[in-house]
Structure formats: structure tokens, C-alpha cells
């Protein structure tokens, strides 16, 4: 029987469980704390994988160095001090048993949280399911780790480009592709473009003319849903003048280690691909058997889920009806924070048997920063601002909304220093890959070429690869075809030698990649594994020194897959 950590309540005590630590979840917990500050019979719990709230409107400025690494995050315990925080991921929600099963923490036992009222406030997640390779090769931009990883990647490729003698490779390193022309994509593209062009020449001696920053968007203009046409075109023209290229009416359909492929077949050779789309509700929403609208949980105007008196939902994962104009509320922070206040009041009212009230809110405005002290803004749906004035307004509004006086002071200090000092060009190490990696290749792409240094071991999870041998003055010779479960590269990794042949993708292929620092300890602990890899790869090492071996000699032994 599986051991679990149950968390029973004292007799007569009730519990409200909130799932999600975005604006909706954290502010619901905050408002519940205010409403229940004199109540000892109700416990408020919040479950989130991180112990902080990310202030996403300013996240792009972490990439450019305009604000400090931790300036965009605030501890949840400080915002909602009367809430019991569980820094865990949710494994399962049982609506019938009224309990939430949490994944184990440091220990090995899952935790069960029983509840009287459940508030579901999960945010959106980046959804790469319909885009092969994006999961493995595109950088999402949703949280602090994503921002740090992107900044590390930018600094890393600039440093590599400064040392790279091959012009084609250098162009690949200096090409940066952003997928998505909404708020997130535009802001990160603008800030990254400014940081790259300022840093490339000053810190790495690179020619700014070699740099390409490309934004791919599926409509005929950026910010097409977020801003009126005049402001969207202002933003687009301003970014174009600053060197950003636009590929409009296009979308990124797949990605490999070398390319971002568009719907029309165009391949953009790049080592840095950022994707702000597509976004979809949290995957656990689909497991709850609740009414949904385009993947978002359907609620009434009070944010209660129809058919469930004790289940509520708000924020990005909920389809909360608009008070005016029809449709659902947009997934933005200003709506989530206001929904949180109404939801908290309604949860408390429901527990006391009092009437509920409907959520009513009219959007105050929309803001987008464009880097270089420029922005666009629409206020109350009527007033349009752009340029420096909109930028001042953008900073003033979001600075005022930062949770906590300490964060306001930190950000104000960072903005002051940003005007006086150059941005930091320091890597945090977040972008260094570790563990088992996944790579995706399209037909015709090389995994590696003959003569390159062997530093990784590869296992084919799906697809096919062709082994090619090259002799000067002759065409490449096809030696073997590798398929699912076959492995290659282990001998060269263990012996620190060059690959004796090239491996090229023959059929769309997904590889599992083990790096040297993980693979060598594994072989030391499993001598039999090393021998099997050596037997397989010895055949490839002899290519060109005698008769060509049949295909089967390079296939992994039957019981090798289980050992891997």
C-alpha cells in the first residue's frame, strides 16, 4: 500500500485550498486572509510549485538587465502571510472525495489535502504538442527561470560568435528568432534586441550588422488582438527601425538544434529560438471532468463552477463571463487580481450561507514596452499614447502595482542605475544543459559530421538515421541505417576521439542524448553497458578500413534498450 501524508483537520475546522500561484491564486489567498483574519475555524492553503509570485509585466527587463534578477519576484508568504503554502506540484484532484493529491517533496510520500472549498487558479502553460522539436529546442518565456535561461543563452552565443572563425556558424549564432507577436513576444523581442546590439560590439567586438533579430507572427501585424491598429503599427515600425525583422502571416511549425522551420518551409538557421506561443490551460484541467470552453473551466458570473457548489475558478484557466459585451474575460493580470477579490468574498459568503455577487470590471487599459524608453498604451479604450510619454506611464503604472514596498525600492534603484551604468554581462549557469536531453531532427540534417569531436552518446527514440563515410575526392558512402532503439557515439565519448563517420537524419527523428558528465559515471557503475556500447561502435570505427559491414552490425544488441 502506498504511504501518504494525510493532513486532517481538527473537528469543526474547515479548509480552503487554492491551486496556482499566479496573480489569481496569490491575490485570492491575500484577500481571504483579510476577510478571515479573526476566524480560527477556517484554514487557507495555497499549492504552487514555486514559493514566489512572478511579476510578469517586467520579466523582459530581466533579460536586458534594466532590473535585477530577483526584482520581478515576491515571496508568496509575504503577500499572503495568513496562508499555509505548499511548494509542491499537484498530482491529482479528486472532486468526489474533496481532496487534492500533491507530489512528494524532499521525502518520498505524497500529501493529501482535504478541502471544503476548492479554488482553481492555474495559469496558462506553453503548449508545444503540435510543433515537433519546439519542446526540446525553443526557450519558453513564462517565469523567472525562463528569463535567466534566455539571458544566459544570449551572452553565451555572443561569446561563441566572437571566437567562431566559420562565417556560416557565426551567422547562426547571431540569429535570434522570437515566435509570437503578442505582448510577451513583442516585449521580450524589443528588450533582447536592445541588449544584444548594445552588448555585442562593446563587450565582444562583434559587428552589429551581422546580428539578426527576427519576430515571427501569424497575423499581418503584431499586437493585432492587444492594441488598436495605429499603436500596433507604431510599435512595428519602431522595432523595424531598430533592426528587428518581421515575418508576418507565418508561424513556427518545428524546431531542430540548427533551424526554426516556418509553415511555408522556410528554415531560419539559429541557435536561439524563443517561443511565447502557443499557450493553453494547465494540462490537469482536462482531467477534472468539469465544463470547459476552449479548454478553460466554465464558471458563472460569481466564478463558481456550474454543478459544483464548492469549486471555483479564475484567472487564465477560467472562462469567467464579462459583465458587458459578452464573451470571457481576457487572461491578463488586471482581470485576475480583480477576480481574486470577488472570488474570495464569494467563497466566504458561500461558507456562511450568504448571497454571492457577480464579477464586474471594465478594462482600464493596455500597455506594452518597446525598449529604448519607448512604449505604447491605450487607456480606458479611448486614449492612445505612444513614445516616451507612454513609456513613463508604463513604468509608473507597473511600479505602483509591484507587490511590496521592498520590491518598489529595488526596482526604482535598478532603473536609476540602468541610466548610469552599462548592463551586466554575467552568466548565471542556468542555461547549461544537464541530465538526459532530447533533440529533434528533420530529414537531411546532420547530427554530427565525420571528424567532429565525440562528446555525447545518442539513442534513437523514434525515426531513422543514416551513417555516412567520407573519403577525400569521393562522394559520401552510405554505410548503415539506424532505427528506433539504436545507439551511437558512446565509444568516441569514452575514448575522447573524433567520430569516424557522419550521422544524418533520414526520417524525422527524436534523439535522447546523454552527455559525458552523466554517461561516464553510468558506465563505471555498469561495466556491462560499456562493453555493449563498445561492441556496437567498434564496427563503425572500422568503416573505411575494410569491406562495408551489413546494417545489422551497427544495431544495438536486443537487451541494450532496457539497460539504457
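Any read-out appearing in this document is the output of simple, stated calculations on the displayed coordinates, not a laboratory observation. Here the structure is a predicted model, which is why all the values come from computation and not from measurement. Every residue, glycine as well, gets a Cβ built from its backbone with ideal geometry; the counts of neighbours run over all protein chains shown.
A few comments on the model shown:
- Under the Debye formula (equal points on every Cα, no solvent term), log10 I(q)/I(0) of region 267-360 at q = 0.22 Å⁻¹: -1.12
- Computed [θ] at 222 nm, helices only, for the chain once each DSSP H run of length n ≥ 4 contributes -39500 (n - 2.57): -9500 deg cm²/dmol
- Region 293-371 and region 190-233 have Cα centres lying 34 Å from one another.
- Ordering of 398-406, 49-57, 363-371, 467-475 by burial proxy (mean other Cβ atoms within 10 Å per residue, highest first): 363-371, 49-57, 398-406, 467-475
- Cα pair distances in region 3-136, grouped into 5 Å bins until the bin that holds the longest one, percent each: 2, 9, 17, 18, 18, 15, 10, 6, 3, 1, 0
- Length released on extending from residue 436 to residue 289, taking residue separation times 0.36 nm less the Cα-Cα span: 49.5 nm
- Shown here are the Rg and Dmax of the Cα trace of region 354-503, at 28.1, 87 Å.
- Three-way shape label, region 443-513, alpha-carbon gyration tensor, a/c 1.5: oblate
- Our analysis of region 403-442 gives Rg over Rh at 1.28, with the two radii drawn from alpha carbon positions and Rh computed by the Kirkwood formula.
- The order of the peptides 134-142, 352-360, 85-93 by mean Cβ neighbours within 10 Å, most packed first, is 134-142, 85-93, 352-360.
- Relative contact order computed over region 293-389 (Cα-Cα under 8 Å; 6+ residues apart), in percent: 19 percent
- Sorted fewest first by neighbouring Cβ atoms within 10 angstrom, 126, 28, 287 come out as 287, 126, 28.
- With a Förster radius of 45 Å applied to the beta-carbon distance between residue 250 and residue 525, the computed FRET efficiency rounds to 0.40.
- Ratio Rg/Rh, restricted to the chain and using Cα atoms, in which Rh is the Kirkwood radius: 1.01
- Protection proxy ranking of 325-335, 503-513, 416-426, by the mean of other Cβ atoms within 10 Å over each peptide's residues and highest first, is 503-513, 325-335, 416-426.
- Length added when fully stretched, residue 40-residue 401, from 0.36 nm per residue minus Cα-Cα: 126.9 nm
- Förster radius 25 Å - calculated FRET efficiency between residue 203 and residue 167 (Cβ-Cβ, nearest 0.05): 0.75
- In the chain, Cα pairs under 8 Å separated by at least six residues give a relative contact order of 13 percent.
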